[in-house]
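The values are calculated or read from the model by the stated rules, or taken from the named source; none is laboratory data. The structure displayed is predicted, hence computed values, not measured ones. With ideal geometry, Cβ positions are generated from the backbone for all residues, glycine too; neighbour counts draw on all protein chains shown.
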Ligand code: HEC
Ligand code: HEC
């Protein structure tokens, strides 16, 4: 066997090792991430199921919400929520909109020019409801939906929800709900960790750059099916093939499987090949390699040995 042969084999071997190692890494990371988002979503659901029983309301029903609004919102939205040059008016926006923007942590912004992004909510459930009550008391919210209290998704048809999701939501949020970058730097956020109430509110109010799906587009039953699909299947994906690698999708997961598998086969083949060659070289018949002085002088070649540099010089 020639030096260049050995070199090629070593290159292949390192490549196979690298590929397998990196994909095993992805595998572990993917699993870890899935776990983190899983626990996040269950916390979110628990938070949403809390009701306003656990905090004493002081004074008039609107006083607490007004105080919170003045302290946290009025600097941008105006003292009477009529808006200004820093932020849009909130008059008439409906409870669902205010609830969603607070539950997602989008509001309050630190500064008016900041991008609203997902943060842990600043307020607990009671405070959110107080702010919602205050803001919606300021003006009638013609046709704009309120908070869907008692939203029941236990009878949601998730198969129907899946096809509605694929049609209406996947173009932006992707079919796995992992979110995606849209044109102009707009980000469709991942749907892991959102509560059923937030999904309903987003669909019916169309926050920011998301279109609004009114009753003319999706019936109440269809929205419930979509919410059921997102909360039950996207957030707790059923993985018939075992580990789901964080829900990156069947095609990507298939590729990972392929690479790990092929990498392992390649390694096994190289190892077997290596042993056979070592046996031959160890035996009498150095035969056709006889002219190759330097390599024979090295004695045999051991598969993972450290004499690459010397061989490089000879090559
Ligand atoms: C630092 C300025 C700032 C503060 C403080 C702030 N907001 Fe906002 N708010 C904005 C801006 C700017 C927008 C528009 C964001 C966008 O559309 O991307 C906005 C949008 C909203 C919207 C969506 C309005 C719509 O029609 O879609 C709601 C609801 C809202 N804010 C509620 C609140 C509440 C409630 C508070 C207090 C807890 C608050 N905001 C605090 C600047 C602020
Ligand atoms: C045109 C792209 C687009 C489509 C279609 C779309 N969304 Fe969105 N969605 C967005 C964007 C962008 C946001 C972030 C809102 C913003 O701009 O502040 C968002 C936000 C959300 C949120 C809130 C996430 C959070 O972090 O709190 C939910 C839930 C959601 N969408 C669900 C859906 C569902 C369900 C559908 C299908 C019925 C859908 N979206 C269709 C673009 C889209």
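Per-structure values
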| read-out | value |
| --- | --- |
| Complete set of residues in the stretch 58-103 that are in a loop (DSSP other than H, G, I, E, B), over 18 Å from residue 114 (Cα atoms) and without any contact (Cβ under 8 Å) to a residue 40 or more places away in the chain | 58, 59, 60, 79, 82 |
| Selection count, the stretch 153-168, where residues are near ligand 2 (Cβ under 10 Å from one of its atoms) and free of Cβ contacts under 8 Å to residues at least 60 places away in the same chain | 3 |
| Filter result for residue 107 (within 28 Å of the chain's Cα centre (by Cα) and in contact (Cβ under 8 Å) with a residue 60 or more places away in the chain) | no |
| Where a residue in the stretch 197-221 is more than 14 Å from residue 168 (Cβ to Cβ) and its partner, wherever it lies, is within 10 Å of ligand 2 (Cβ to nearest atom) and modelled with pLDDT under 95, with Cβ under 6 Å and at least six apart | 209/186 |
| Count - residues of the stretch 94-107 that are in contact with a helix residue (DSSP H, G or I) (Cβ under 6 Å, 6 or more places away or on another chain) and away from ligand 2 (no atom under 14 Å from the Cβ) | 1 |
| The one condition in (1) assigned by TED's automatic domain parsing to the domain that holds residue 132; (2) in a helix (DSSP H, G or I) that residue 171 fails to fulfil | (1) |
